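Peer 1: My structure is below; once you've seen it, I'll send some questions.
The values are calculated or read from the model by the stated rules, or taken from the named source; none is laboratory data. Because the structure is a prediction, the values reported are computed rather than measured. For neighbour counting, all protein chains shown are included, and Cβ atoms are generated from backbone atoms with ideal geometry for every residue, glycine included. We work out accessible area using only protein heavy atoms, side chains counted, and drop any ligands, DNA or RNA first. Shrake-Rupley method; radii C 1.70, N 1.55, O 1.52, S 1.80 Å.
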Amino acid sequence: MAGTSVGRAVEQIRQMMRSQELLPGQPLRQEALAERLGVSRVPVREALKALEAEGVVRHQPNVGYTVARLSAEELRQAYLMRGALEAIVLRELPRLSTAQIIELSELNEQIAKAADEVDVLRITELNHDFHFVIFRASGLRLIVDEIERIWKITEAYRTVYLYDESARRRIVREHRQLINALRRGQTERAVRIMDSHRDATPAHLAPTLATTLPLPG
């Protein structure tokens, strides 16, 4: 039961970050979170420890927990790491099956629908599923787990990007291009599409990172 409560608290706090209810740099008060989530402080404390291990939150002795905040340079480095690892994964992919291609197409259609409805939380969840259907098909579990670790610490910044209408349209369009490349077994084209797709987020956010995600007053 305790484990279930902790897992639920982790996911609820993660969703609060995705929806920008919690912003990078924001202090996390355990008592307030427990009240907000309708649980005791024990699962909240354990959830924050789990999120700290992921790098999503940070802890300072005698200060407490805060949502991790990246500088423009840290965001750039995180995306450089993703780029290197994702290229390895894409080049190791076997030819995707018809069922996998259909799954990706259906996920992207759901993303398109959520984009029309400006449901950023739903887009965030579906976008994760879309990419990791591809990555996990490689069978490179350790590398994919590392990509997911980096993915989690940068998720709040991708969420900001998704509030831009042109960004939402671009994501759906590039996903379709990626699906076509994977369907045809065009590995290097898929790598180029993924590079452009990924790099749009830090390029969009870097010039205004400090003002786009301010510390709460």
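Peer 1: Looking at ARG82, is it open to solvent by 80 Å² or more (accessible area, probe 1.4 Å), of a type in the set (D, E, K, R) and part of a helix (DSSP H, G or I)? Before the answer, list the steps.
Peer 2: Working: open to solvent by 80 Å² or more (accessible area, probe 1.4 Å): no; of a type in the set (D, E, K, R): yes; part of a helix (DSSP H, G or I): yes.
For ARG82, the condition - open to solvent by 80 Å² or more (accessible area, probe 1.4 Å), of a type in the set (D, E, K, R) and part of a helix (DSSP H, G or I) - is not met.
Peer 1: Next question, about the same structure. Could you please find all residues in the stretch 106-120 being exposed (fewer than 15 other Cβ atoms within 10 Å of the Cβ) and either in contact with a strand residue (DSSP E or B) (Cβ under 9 Å, 6 or more places away or on another chain) or part of a helix (DSSP H, G or I) (or both)?
Peer 2: The answer is GLU106, GLU109, LYS113, ASP116.
Peer 1: Would you call ALA53 part of a helix (DSSP H, G or I), open to solvent by less than 70 Å² (accessible area, probe 1.4 Å) and of a type in the set (Gly, Ala, Ser)?
Peer 2: Taking the combined requirement at face value, the residue does not satisfy it.
Peer 1: Across the stretch 143-172, which residue is most open to solvent (accessible area, probe 1.4 Å) among those that are in a helix (DSSP H, G or I) and polar (S, T, N, Q)? Working first, answer last.
Peer 2: Of the stretch 143-172, the ones in a helix (DSSP H, G or I) are 143-153, 155-162, 165-172.
Subset that is polar (S, T, N, Q): 159, 166.
On the way: THR159: 0, SER166: 63 Å².
Looking at residues that are in a helix (DSSP H, G or I) and polar (S, T, N, Q), I get SER166.
Peer 1: Same structure, new question: Search the stretch 38-58 for residues that are closer than 14 Å to ILE153 by Cα and pair each with any residue that is of a type in the set (S, T, N, Q) and crowded, with 17+ Cβ neighbours inside 10 Å when their beta-carbon atoms are under 6 Å apart and the residues are at least 6 apart or on different chains.
Peer 2: ARG58/THR66
Peer 1: Kindly provide the set of residues from the stretch 121-142 that are aliphatic (A, V, I, L, M) and surrounded by fewer than 17 Cβ atoms within 10 Å (Cβ to Cβ), ordered by number.
Peer 2: If the condition is that a residue be aliphatic (A, V, I, L, M) and surrounded by fewer than 17 Cβ atoms within 10 Å (Cβ to Cβ), then LEU121, VAL133, LEU142 are the ones that fit.
Peer 1: Give the residues of the stretch 89-105 that are open to solvent by 80 Å² or more (accessible area, probe 1.4 Å) and β-branched (Val, Ile, Thr), sorted by residue number.
Peer 2: THR98, ILE102
Peer 1: Out of ALA156, ALA167, I need the residue that is in contact with a His (Cβ under 7 Å, 6 or more places away or on another chain), under 16 Å from LEU75 (Cβ atoms) and not aromatic (Phe, Trp, Tyr). Which one?
Peer 2: Working: ALA156 fails: in contact with a His (Cβ under 7 Å, 6 or more places away or on another chain).
Going through ALA156, ALA167 in turn, the sole match is ALA167.
Peer 1: Follow-up. Could you grab me the full set of residues in the stretch 21-50 that are in a loop (DSSP other than H, G, I, E, B), open to solvent by 60 Å² or more (accessible area, probe 1.4 Å) and of a type outside the set (Lys, Arg)? Working first, answer last.
Peer 2: At the first step, the residues of the stretch 21-50 found to be in a loop (DSSP other than H, G, I, E, B) are 21-26, 29, 38-40.
Imposing the further condition that a residue be open to solvent by 60 Å² or more (accessible area, probe 1.4 Å) reduces the set to 21, 29, 38, 40.
Listed by number, the residues that qualify are GLU21, GLY38, SER40.
Peer 1: Pull up the stretch 188-217, narrow it to residues that are of a type in the set (S, T, N, Q), within 20 Å of LEU80 (Cα to Cα) and open to solvent by 50 Å² or more (accessible area, probe 1.4 Å), then point me to the one that is modelled with the lowest pLDDT. Spell out how you get there, then give the answer.
Peer 2: Start the filter on the stretch 188-217 by keeping residues that are of a type in the set (S, T, N, Q), which leaves 196, 201, 208, 211-212.
Adding the requirement that they be within 20 Å of LEU80 (Cα to Cα) leaves 196, 201, 208.
Of the ones still in play, those that are also open to solvent by 50 Å² or more (accessible area, probe 1.4 Å) are 196, 208.
Working: SER196: 94, THR208: 55.
Once the filter is applied, the top-ranked residue is THR208.
Peer 1: For the stretch 92-103, how many residues meet the condition of being under 18 Å from GLU148 (Cα atoms) and either of a type in the set (Ser, Thr, Tyr) or in a helix (DSSP H, G or I) (or both)? Don't jump to the end; show me each part of the working.
Peer 2: Kept after step one, since they are under 18 Å from GLU148 (Cα atoms), are these residues of the stretch 92-103: 92-93.
After this cut, where a residue has to be either of a type in the set (Ser, Thr, Tyr) or in a helix (DSSP H, G or I) (or both) as well, the list is 92.
Total satisfying the criteria: 1.
Peer 1: Of the conditions (1) at pLDDT 95 or above; (2) more than 14 Å from the chain's Cα centre (by Cα); (3) part of a helix (DSSP H, G or I), SER138 satisfies every one except a single condition; which number is it?
Peer 2: SER138 satisfies every listed condition except (3).
Peer 1: Taking the stretch 56-75, which residues are in a strand (DSSP E or B) and under 22 Å from the mean Cα position of the chain (by Cα)? Please lay out each step first, then the result.
Peer 2: Going through the stretch 56-75, the residues in a strand (DSSP E or B) turn out to be 57-60, 64-67.
Hits for the stretch 56-75 are VAL57, ARG58, HIS59, TYR65, THR66, VAL67.
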